[in-house]
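For reference, the structure is listed below as structure tokens.
The values are calculated or read from the model by the stated rules, or taken from the named source; none is laboratory data. Quick caveat: nothing in here was measured; it's all calculated off a predicted structure. Positions of Cβ are generated from backbone atoms using ideal geometry, with glycine treated the same way; all protein chains shown enter the neighbour counts. For accessibility, only protein heavy atoms count, side chains too; no ligands or nucleic acids. Shrake-Rupley method; radii C 1.70, N 1.55, O 1.52, S 1.80 Å.
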Amino acid sequence: MDSKLTRRNFLKGVGTAVVLAGTGAPQLKLLKSGKAQENSVKPIFVRSTCSPNDTGACGYVARVDDGRISTLIQAADYPEEDYNPRGCLKGLSFINLIYGKDRLKYPLIRTGPRGSGEFRKASWDEALDYTAGKLKEIANKYGPEAIGVTVQVAGTGFVQKGALVGLTKLASWTIHHGYDQNGDLPMFWPMTFGVQSEELESLEWLNSRYTMVFGSNMLQTRLPDVKQLIKSKNKGKLVVIDPDYCITASRADEWVSLKADTDAALALGMSKIIIDKKLYDEQFLQDFTDMPILVREDTGKRLLAKDVKELSGKARTMEIPAYRELFVFHNENKFAILNPESLQSTNAELKGEYTVELTDGSSVKVKTVFEKLIEQLKDYTPGRVSAITGVPEEQIRRIAVEAATNGPLHLVYGASNYQWYHGDLKGRAIALIGILTGNFGKSGAGISTLAGQYRIRSDVTKWWYPKEGKLNWVPYLHFLKGKGKTTPYGKFPESGIKAMISGWGNPFDQHNMANILRDRATSGELEFILTMDFSMTTSAQWSDVIFPVPTWYEKFDITATVLHPYLQLQQPAIKPLFETRTELWIVRELAKRLDLPVDHFYPELGENEAAVKATELLLETGGFETRNITFDMVKKGPVRLHSRAPNDRQIPFYEQIHDRVPFPPRSYPVPLEATAQFLKSGRIELYKDEELFIEEGEQLPVYKETFLETEYKQDPASREKYPLHYITKNSLYRVHSTHSNNPWLNELQGDMPKVYLNAEEAKLRSIEHGDMVEIYNNRGKVQGQAVIDPGSLKGSCYFYQGWWSRYLGGGSYNSLIEPWIKPLHEIYFVPGIWSPTTAWNECLVNVRKVNKS
Amino acid sequence: MKHEKIRCGFYKLLSDCYHIPDEELMKKLAGMETAGNMRNAARINIESGDVEELILDYSRLFVGPYQLLAPPYGSVYMENGNTVIGNSTLDAVKLYRDAGLEISGNFKQPPDHIAVELEFMYYLILKELEAVEKSDYDTASAYLEQQKVFIKRHLGVWLPEFAERVEKEAQTRFYRDIAKSTKEFVEEDIRYLEG
């Protein structure tokens, strides 16, 4: 072999080259003469906000030594002591990701097959030109709406994410809302309360006297705030309703173990007891809910004032907004029009059946919603509910009375509970407990859904929506299904989505339902895939172009969370590492190359200055919630957003109940009309009478058996073939798939994905603790190490989601899950509010032992 | 003196070889009078008409896929957590600074990149040579001392493992030979500096 080097001849040859180098000045490419500086540079400290896609939003101070972040320290600078300190091991070890070996350093362009991870380094100009060229080509061929953009969880960064939304609008591309894509959307909220979602800030948890947690593993997923939950036990009781003896159940005063997905039956059973024992809040139901509204027995629809002979004349004279409707109630022996624009006391009768004469001369029988509810609840006797849920009758009776008599009552409705096909029914049933007992609008009372850091807290439209262009909203599930209806917000592109642009997310692990994304990437149906990230995630690996971006310790942004109401900045402690550039800069550069107007993005400013400017704009135009809040204030530290409640506390519906302002409050960024149409009565609505609700028998919340309309319908044999529920939980060690590559956290998990099984289920399959097993169904498979867990429910198998594919031998845990769409979720469409939402838990599988790989 | 000049030139050449390859580098290598393998490798690539193949290999080894086959940064080998920009990196920066150098503003890679460390050695030797020419032997020996410290604390520590990875993972003979040459040269240079 001639490659054997003899140094002698090598050196001899090079010697001639040396002469050149030795004669001139040093030709240094990488180093340059610096000042003779002192080596003991003083450390600097910069406050930023840890902003992965969880609800923490914990303030951190980065200590910077010599241009490098050496330590991350909990800021603990919240004015309210109970919020201090906050920040978990994930946040503290984020340094491993900033300086991790997977950190993306420069733009990359794919050279190998999709997913192979073969890329070449490109300059920014080259990567941007190439990307703009591809996007233009696709837009010319299929129309701009064939380019689909996903923007994840706005709350973690309104500026940078807003910039991408702005570009999407300018280019008239399609946009998918991250909220329904993630299954974060609890559909009972828009159905019942007309809002996207609501929650009590965690300090308010301390004011609750009875807390019921329905399927939310808060001790694992709400680490910085869970101390308030534990503290609330000093003055109140904590009841955890969960099939699994999870860590949160273990800290409860009482654990209610029920069969998976039967929460609706339990909540309806409790409601029946509350009504039977007359423990409900009559005044609350009269004034703030639809309970007194009369429903026609012939059509199942609510009686309209314009159809009632004695009211139609008056109805014609009443002016109401288009999103309202005039319904009818009964009191003092007469029918009356319920004013949807007023919540003043009416003394409406809650119970009653009447016959009413219509304008056409005919008569119909009508009943109050409350009466209909009582009828419906006849089926939910403690005996039957116990049989459905597996919860003892005695326990159902007792907790129902306790919940009704020990307010304020706080109901936590977890994503693991609502991410089912009939998650909306469960939410509506659980909400009923709070509605009957009048537990809204006061300190410590309400419902909290804590999934995602999603809810936009103030008006962002000035920064998000430049004047030109149009956003084409398409639900993510329609993209996966490859079809969807035209809505007032957008149309499904004729060619389907041909280009995917994503940032702040990892869809090729996290949203690869039924393996659709990978299949489309492999087949070429997706013609272009662009990812912006700071780490080489699975999605980056599947992309055609990767734009590397700075972390939240390298740029400016502004954040807000659902768990504490503080606006906080992300601030650069260090310069963007390597060749990373902010999303705002990338957007601006792309806009130029796509011949779009760039003035919206402050082209005259550097990327940091532009981000500061955008923050100032967001604060100035944020409306009531950000009034008088300036950039300088936020620069000094966390600033509480304004709310309608005393001391700016986050208490859902405080204004509605206290000041009797009709429902719903506005859900940003859409205008009130968009969401108010869901509550035509201006009240909390338990009764829904749109056609499909009636067809489905879901006018009122009802318990429906799992899988009948999904797995069993799609494949009747799945009952036998796939007898286990597949529950993908959130891990203590990751924020979804962020930190999947954090070596410290992986060490704590034995560097191995786990599959949790009940002992009986394991025995049945000859699986022992530590065996490698495969979870499978006809859609996909994933492998992990078996853990025989006495806390896991029989008939289930648990997997902690978020592992990048590389840790799963190329597997994909969401490939097992079908993108089910419940048709009711499509009768309206308001992006991220009333929209088909992902039902991650609606999935059947089996498990088998495999050879160690 | 001749040996110092050879060392100096070779460090410079090796540093150049760890930049993204281009025609200029190929020409430079081809123009050398040696029969060394590096030149041969380079000539093969020149004859093949493009440097694309080398760029691909370079990207695979040093730029990414998601996990670099041979990360070209010292800290990955010298720190426990496999991190970039660790304490060892800061120490290298300190040594650069002691020599009156800082990282050039348009260089966006970790400061302990192989190309920088090799270039740093080149610089120290160059300054040593300059001092010798002016018969300033105190300064010359101070620069020699800095070379010893740097190679012992940095380059010499991680280079063997790095070079082995390149040799193992490279798909082109060019990078296998470069890695082998670098390793052998640096090993020899350590012996020289210690001797």
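Points worth noting:
- If you sort the three axes of the alpha carbon gyration tensor as a ≥ b ≥ c, you get a/c of 1.5 or more for region A:659-783 and a/b no higher than b/c, which makes it oblate.
- Computed with every protein chain present, the accessible area of residue A:848 is close to 100 Å² [probe 1.4 Å].
- Solvent exposure of chain B, expressed per residue, is 39 Å² of accessible area, with all protein chains present and a 1.4 angstrom probe.
- Residues with amide H under 5 Å from that of residue A:558, placed H, sequence gap 5 or more: A:158, A:159, A:160, A:570
- Kirkwood hydrodynamic radius (C-alpha pairs) into Stokes-Einstein, region A:508-638, 10 °C and 1.306 mPa s, D in µm²/s: 93
- Residue by residue, region B:97-104 carries 3J(HN,Hα) couplings of 5, 4, 8, x, 10, 9, 5, 4 Hz when phi is fed to the Karplus relation 6.51 cos²θ - 1.76 cosθ + 1.60 (θ = phi - 60°); x denotes Gly or Pro.
- Amide H contacts of residue A:175 (H built 1.01 Å from N, under 5 Å, at least 5 apart or other chain): A:149, A:472, A:473, A:474
- Share of alpha-carbon pairs per 10 Å distance bin for region A:164-253, given as whole %: 15, 33, 30, 13, 9, 1
- Mean projected area of the Cα convex hull of chain A, taken over all directions, amounts to 42.1 nm².
- Cα lying deepest toward the dipole's positive end in the protein assembly as shown, options A:706, A:409, A:257, charges on Cβ: A:257
- Residue-averaged 222 nm ellipticity for chain B, from DSSP H runs of 4+ at -39500 (n - 2.57), nearest 500: -21000 deg cm²/dmol
- Residue of B:30, B:70, B:115 that the Gaussian network model of chain B assigns the largest fluctuation, springs spanning Cα pairs under 10 Å: B:30
- Computed from the Kirkwood radius of its Cα pairs, the Stokes-Einstein diffusion coefficient for region B:2-194 at 10 °C and 1.306 mPa s stands at 92 µm²/s.
- For the residues of B:95-103, the average number of beta carbons from a partner chain within 10 Å of their own beta carbon is 5.
- In order along region A:157-166, phi translates into HN-Hα couplings of x, 6, 7, 5, 5, x, 4, 5, 4, x Hz, rounded to whole numbers, per the Karplus curve 6.51 cos²θ - 1.76 cosθ + 1.60 with θ = phi - 60° and x for Gly and Pro.
- Summing Lys and Arg as +1 and Asp and Glu as -1 over all other residues whose Cβ lies under 11 Å from the Cβ of residue A:159 gives a net charge of -1.
- Between residue A:278 and residue A:365, the contour length at 0.36 nm per residue exceeds the alpha carbon distance by 28.7 nm.
- Taking amide hydrogens as placed 1.01 Å from N in the peptide plane, the amide H of residue A:639 sits under 5 Å from those of A:567, each at least 5 positions away in sequence or on another chain.
- With R₀ fixed at 25 Å, the C-beta to C-beta distance from residue B:107 to residue A:65 puts the FRET efficiency at about 0.80.
- J(HN,Hα) series, region A:611-625, from Karplus relation 6.51 cos²θ - 1.76 cosθ + 1.60, nearest Hz, glycine and proline x: 5, 5, 4, 5, 4, 4, 4, 4, 6, 5, 10, x, x, 3, 5
- Dipole size of region A:335-446 about its Cα centre, with +1 on Lys/Arg Cβ and -1 on Asp/Glu Cβ: approximately 340 debye, rounded to the nearest 20.
- Those residues of region A:327-345 whose amide nitrogen sits under 13 Å from the label point placed on residue A:314, 7 Å along Cα→Cβ: A:327-340
- Rolling a 1.4 Å probe over the protein heavy atoms leaves residue A:491 with an accessible area of roughly 90 Å².
- When only the Cβ of Lys, Arg, Asp and Glu is charged (+1, +1, -1, -1), the dipole of the protein assembly as shown relative to its Cα centre reaches about 740 debye.
- Contact surface B-A: accessible area buried, both sides summed, square angstrom, 1.4 angstrom probe: 5500
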